[in-house]
1. Please list the non-local residues whose amide H lies under 5 Å from the amide H of residue 210, H modeled 1.01 Å from N, same-chain partners needing a gap of 5 or more.
2. What spacing in nm lies between the two simple spin-label points modelled at residue 79 and residue 243, each 7 Å away from Cα in the Cβ direction?
3. What FRET efficiency comes out for residue 33 versus residue 265 if R0 is 56 angstrom and r is the Cβ-Cβ distance? Round to the nearest 0.05.
4. Rank the residues 247, 96 as a footprinting-exposure proxy: fewest other Cβ atoms within 10 Å of their Cβ go first.
5. If each residue of separation counts as 0.36 nm, what is the full-extension length gain between residue 186 and residue 236 once their alpha-carbon separation is subtracted?
6. Around residue 248, what is the net charge, scoring Lys/Arg as +1 and Asp/Glu as -1 over all other residues with Cβ under 12 Å from its Cβ?
7. Under a crude label model (7 Å from the Cα following the beta-carbon direction), how far is residue 340 from residue 307 in nanometres?
8. Please work out how much length the chain gains when fully extended from residue 272 to residue 169, using 0.36 nm per residue of separation minus the C-alpha to C-alpha distance, in nm with one decimal.
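What follows is calculated from the coordinates using simple rules that are stated; it is not laboratory data. Being a predicted model, the structure only gives us computed values, none of them experimental. Note that we place each Cβ from the backbone using ideal geometry, even for glycine, and neighbour counts take in every protein chain shown.
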Amino acid sequence: MTRRVPPHVSGAMRALNLSCPRPELLAALTAAEWQDALRWSDRAHLTLEIARRFRGALPAAVEERLASNLANNAVRMGKLERDFGEIEAAFQCESVEFVVLKGFAHWPDVGGASLCRAQYDIDLYCPPPQLATARRALDRLGYRPISGYEKVPIDHLPAMVRPSEWKWRGDYFDTEFPVMVDLHFRLWDAGTERIRVKGTEAFWERRTRGGRDAFCFPALASVDLIAYASLHLLRHLLRGDLRPFHVYDIAWFLHTHAADEKFWAQWEGTHDESARRLQLIVFLLAQNWFGCCLPEAVRSGIAILPRSIQRWFEFYSSAPLETEFHPNKSELWLHLSLLENARDRGSVFLRRVMPSRLPPTVGARSWPYWRRAFARSLHHLRALIPMCLEGLRFGFSLQNSKNSPPVIR
């Protein structure tokens, strides 16, 4: 793991390695480092996974904190399932068809145990002609759109939430945390990313039922679920706001399905090459970060990825993790490597170098909001010069290097 992140972060990441876990690195943390580690893992959405895998072997104060987090998350998940039940019933009354994306839709194929997922919203995909009806149904349930998303390139309508007096108090497991609903109208934003992916329209045609026990819901087919999860992760990677749990989610799936030859044969036969290539990039990142096993179909696909992608992993595979501590935009060089023409590259470069939008917010824009907005602008400025130097280094390395072997660790 990179030296450009604090020891409590690298220790947590290496402890969560799936092939060669290092739990002793967590045991070596001091009380102060544990506080930093838990604050980081909360933001990374990995706290509950640490609890699931290492609970019973951690310091008493940490055990107490994790037990409280698990209990509160169970309450939150119960509330989320009840809210989803109300939404599903309202949609059925209006004959609205939908599938659940992300979150509990990943059970059991992607991710770990259900109660070890920190989920804050309900993501639903509806065919565009039914979006207006779905939104009216949510409106009748008391959900209202959050302002601030008007100019944000997202794949869903502005997030909707029931108005309340709730305020953020720094607790990621607050049982009163309001549930937001995102109504998606597309599965991939080719216009913003300038990357064309063939075949995503067939995801809807292959939809099925997902879930567990008595909690079932419309969902993507398993072979499309991993594809969508990967595209979702890639979008966040290319936009510089990747959360480590998203990578761990994919790594867990790969690790637990590495020997399922039938599934990977279906995966190869179902998805277009353009979709498989993007997934392979995500799979390689998951393997680099969390040491998951890879099925042979994935390993052979990674081996023939373009040289520019191979070089990016050689130089910058840890950069998305480092950015919180050393601001960078190294993912830009990966993005540009995936584009086919100069016009697309110029559009993406300008958008990433000069972001023009303010972050969305719930309620009025208070002093804490403007403080975060200023910090975000400062983050972009701090990353600008290193980004230009990195671009020169990366371009020079491509001109002077020969084909590199796949960066599989």
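1. Excluding prolines and chain starts, which carry no amide H, the hits are 217, 219.
2. It works out to 1.6 nm between the two label points.
3. Step by step, r from the Cβ atoms, then E = 0.80.
4. By the 10 Å Cβ count, ascending: 96, 247.
5. 16.5 nm
6. +2
7. With each label placed 7 Å out from Cα toward Cβ, I get 2.2 nm.
8. 32.6 nm
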